[in-house]
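Take a look at the structure set out below.
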Amino acid sequence: MKICSLLPGATEVIAALGLADDLVGISHECDYPPAITHKPVLVRATIDGDRFSSAEIDQQVKAAVTGDRPLYELDEGLFARAQPDLVVTQDLCHVCAVTPSQLERAIGALPQRPQLLSLNPLTLDDIVKDVERIGAATKRPAEARALSVALRSRLEFIRLQIASVSDRPTVACLEWLAPLYAAGHWVPQMVEWAGGFDRLGAAGAPSRQVTWDHLRAAAPDVLVLMPCGFSVNRTLRDLTQLTAHPGWQDLPAVRNGRVFAVDASSYFSRPGPRLVDGVAILAALFHPSRFGGTIPDGARHLDPLDALSR
């Protein structure tokens, strides 16, 4: 089977099902596992996120949306040469992928129409169910079932580790820094599974723009910075957009030294198997005494004084 996956989380599932060799095309964001990174890249972003600050990226995205300009372009020539039997895409966020009209035009030009699997997960449960949907579409149902069982088992193991904890911190997860966006969709549920109370997001609801007044009113014990698609180092480049604000030092999380940047691209932004790793990261940040007292890989503790000096 020839598979084009335009969704990084789905690409991870396909590889986990033993089908990495079947991939004939991936998106520009598909970078895991390493075995797939040599595959033809069918999508390119029209905005270079590495060149601009969070505020500048936000302005360019809004201008593109207002002007009805695409944020991503599909290489229709490469797509045609791939001649996929299955195309996996998403209909959750049009800021994150090629538009349905672009994809439909490319599919319509193929000599034979492939199967199209469009994913729209809103919660962790949806994401685990999508593993089995991908398994059915790729004719690997047994392998997909085993993977979904393993993911649910890991989540339950984390829950059991913090089940007896009485001190559950209030948490704010920021999906963008300028302007501020509170993470939604599956992130509030990840916070709950990790033993925290999300004060700004709602499970299954979209991410939403918030103000500094919202953030101050939430008074989070823990602040987690997870700009969509950013690595830890990429987040640190934009940190002054937070720390320069007059209200920064008033936040309980800042005063108590519980501000963290996490690898959003790997463990929080993408609806895929590694969200379970993200839950484990959050649990270790919220309840360090239960998890060895060390900062896990994929997260970095931010010293407020160091942050102010950047």
Being closer than 17 Å to Leu124 by Cβ and at pLDDT 95 or above is true for just one of Val232, Val187. Which residue is that?
Val187
Please note which helices (runs of 4 or more DSSP H) are completely contained in segment 105-202 and include at least 2 residues that are more than 22 Å from the chain's Cα centre (by Cα) and closer than 30 Å to Leu23 by Cβ.
124-137, 141-161
Just give me the residues in segment 57-94 being on the phi > 0 side of the Ramachandran plot and modelled with pLDDT under 80, in sequence order.
Asp68
In the list Gly25, Gly77, which residue meets the criterion of being surrounded by fewer than 16 Cβ atoms within 10 Å (Cβ to Cβ) and either more than 30 Å from Thr240 (Cα to Cα) or more than 20 Å from the chain's Cα centre (by Cα) (or both)?
Gly77
Take segment 13-46 and flag every residue that is touching a Gly at 6+ places or on another chain (Cβ under 8 Å) and within 19 Å of Tyr72 (Cβ to Cβ).
Glu29, Lys39, Pro40, Val41, Leu42
State which residue is surrounded by the most Cβ atoms within 10 Å (Cβ to Cβ) when the search covers only segment 35-53 and only residues that are closer than 22 Å to Ile14 by Cβ and charged (D, E, K, R).
Lys39
Can you say whether Arg300 is surrounded by fewer than 22 Cβ atoms within 10 Å (Cβ to Cβ), within 19 Å of the chain's Cα centre (by Cα) and more than 23 Å from Ser153 (Cβ to Cβ), as far as the supplied structure shows?
yes
Is it true that Ala172 is of a type in the set (Gly, Ala, Ser), modelled with pLDDT under 95 and either surrounded by 22 or more Cβ atoms within 10 Å (Cβ to Cβ) or at negative phi (or both)?
no
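Conditions tested, residue by residue: (1) without any contact (Cβ under 8 Å) to a residue 60 or more places away in the chain; (2) part of a helix (DSSP H, G or I); (3) in contact with a His (Cβ under 8 Å, 6 or more places away or on another chain).
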{"residue": "Ala217", "(1), (2), (3)": "yes, yes, no"}
{"residue": "Pro220", "(1), (2), (3)": "yes, no, no"}
{"residue": "Pro227", "(1), (2), (3)": "no, no, no"}
{"residue": "Arg234", "(1), (2), (3)": "no, yes, no"}
Suppose we filter segment 31-61 for residues that are more than 21 Å from Glu143 (Cα to Cα) and not in a helix (DSSP H, G or I); how many remain?
18
Candidate set from segment 168-224 (those that are touching a Pro at 6+ places or on another chain (Cβ under 7 Å) and among the polar types (S, T, N, Q)); member that is farthest from Leu236 (Cα to Cα)
Thr170
Just one of (1) buried (at least 20 other Cβ atoms within 10 Å of the Cβ); (2) modelled with pLDDT under 95 trips up Gly204, so point out which.
(1)
Of the residues in segment 95-140 that are among the basic types (Lys, Arg) and over 14 Å from Leu74 (Cβ atoms), the one that is surrounded by the fewest Cβ atoms within 10 Å (Cβ to Cβ) is Arg113
Scope segment 4-37; condition of a type in the set (S, T, N, Q) and in contact (Cβ under 8 Å) with a residue 12 or more places away in the chain; matching residues:
Ser5, Thr11, Ser27
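The values are calculated or read from the model by the stated rules, or taken from the named source; none is laboratory data. Just so you know, these numbers come straight off a predicted model, no measurement behind them. When we count neighbours, we look across all protein chains shown, and the Cβ atoms used for this are built from the backbone with ideal geometry, even at glycine.
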